[in-house]
1. Looking at segment 321-359, which of the residues that are of a type in the set (A, V, I, L, M, F, W, C) and in a strand (DSSP E or B) is surrounded by the most Cβ atoms within 10 Å (Cβ to Cβ)?
2. Quick check: anything in segment 69-79 out of contact with any helix residue (DSSP H, G or I) (no Cβ under 7 Å at 6 or more places or on another chain) and among the basic types (Lys, Arg)?
3. With the requirement that a residue be modelled with pLDDT under 90, part of a helix (DSSP H, G or I) and surrounded by 14 or more Cβ atoms within 10 Å (Cβ to Cβ), what does segment 250-270 give you?
4. State whether the residues of segment 185-200 include one that is closer than 27 Å to residue 318 by Cα and among the polar types (S, T, N, Q).
5. Any residue at all in segment 130-140 that's among the polar types (S, T, N, Q), assigned to a strand (DSSP E or B) and in the same structural domain as residue 280 (by TED's automatic domain parsing)?
6. Considering only residues that are in contact (Cβ under 8 Å) with a residue 60 or more places away in the chain, outside any loop (DSSP other than H, G, I, E, B) and over 13 Å from residue 200 (Cβ atoms), which ones fall in segment 297-318?
7. Given the criterion in contact with a Gly (Cβ under 9 Å, 6 or more places away or on another chain), surrounded by 21 or more Cβ atoms within 10 Å (Cβ to Cβ) and under 20 Å from residue 341 (Cα atoms), identify the matching residue among 161, 155.
8. Out of 126, 144, report the one residue that is in contact with a helix residue (DSSP H, G or I) (Cβ under 8 Å, 6 or more places away or on another chain), of a type in the set (Val, Ile, Thr), in the same structural domain as residue 371 (by TED's automatic domain parsing) and over 30 Å from residue 213 (Cβ atoms).
Amino acid sequence: MQIRHPTWVGLFRGPDVPDQDQSARVALKLNIVVIGAGQAGLSSAYHLKQLGLEPGRDFLVLDRAPQPGGAWQYRWPSLTLSTVNRVHDLPGMSFADSAGGDDSVRASVAVPHYFAAYEERFGLNVLRPASVSVVCDRGERLRVETDRGLFSARGIINATGTWEKPFIPDYPGRDSFRGRQLHTQQFHAAEDFAGQHVLVVGGGISAIQLLDQISQVTRTSWVTRTPPRFREGPFDQEAGRAAVKLVEDRVRAGLPPNSVVSVTGLPLSPAILAMRERGVLERQEMFTEITPSGVRWADGRTLDVDVILWCTGFRSALDHLAPLQLREEGGGITMTGRLATQVGRDPRVHLVGYGPSASTIGANRAGAAAARELSTFLGLTTK
């Protein structure tokens, strides 16, 4: 998607242009910069435009990826529309209309197609690829440094998600393992592990999905830090709101967020019931040490494996905001605002897709709240 605003000509260099002295370059002034064009970023941009702000003049969306789709474009090929939990509609445009009703389509194809059509329909003019290296405080403004130019903003809506920060816990002996270690982010296909013994680490939805697939082609073992909690029966809106509130209470108190799934439990789906019948869900407690050939538990038991697949989640990609000193001593960020998107230490900064808004439906609501609250705070609108 190309930027068409005439005042932008010559302000952005391509990725092949040698780096220049940042201090000597002109910064484009905007009211708001949205960082990230996944579900939360696009929702924020849509609502900014609905409030009367003009893309490219009043606000700008930056996205690191070379094409639309957010983190969805990197999902493993076996994740289709029939196996994904759900793709929630972005505001103002139905996903079903874009998907065409074919559940066999890869999520990594269907969702980017939807996002691209969405950007085009609402004229959001996302600048990509544009990688933000750092955001600094410059008095009344925030300086956003990227590989495509400098930007000066009165406010920031950060929607960088978690995909870029896979988390692997540091267990003793991890570097000594002679087999293969990879994170969920690097998973491609279950067939890649045929004939190998795969140890799946983690108790979230992705861990269960990959354990299911891999166990159908090769031998697997499964370990989790805490016993998995399977949820039976319907999960209604009231239960969902209660679960989100638990996460929201943490970030309002300045504590690091837990995932929403950690408090909702895992739905006892037909696939999980089938796994139970096959004996795949024989969970073991977490090991204490990694050996050259596998893992060892505190009681001395060992298990030799060929592959350790870390389905241990992600952390929020917020390193570029470090100069703003938004974190509390315990590592969390105190969040305020109606849906806990506004940073307590700097109300010019909103985080969407963080904490209680980490789910896709939560990201939509957070995008609306952040757009409204930030534009009002900056005096751009009274809505």
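1. 351
2. no
3. 261, 262, 263, 264
4. yes
5. No; the residues of segment 130-140 include none that is among the polar types (S, T, N, Q), assigned to a strand (DSSP E or B) and in the same structural domain as residue 280 (by TED's automatic domain parsing).
6. 304, 314
7. Residue meeting the stated conditions: 161.
8. None of the others qualify; the one that does is 126.
The values are calculated or read from the model by the stated rules, or taken from the named source; none is laboratory data. Values in this document were obtained by computation on a predicted structure and should not be read as measured data. Using ideal geometry, Cβ is built from the backbone for each residue, glycine included, and neighbour counts are taken over all protein chains shown.
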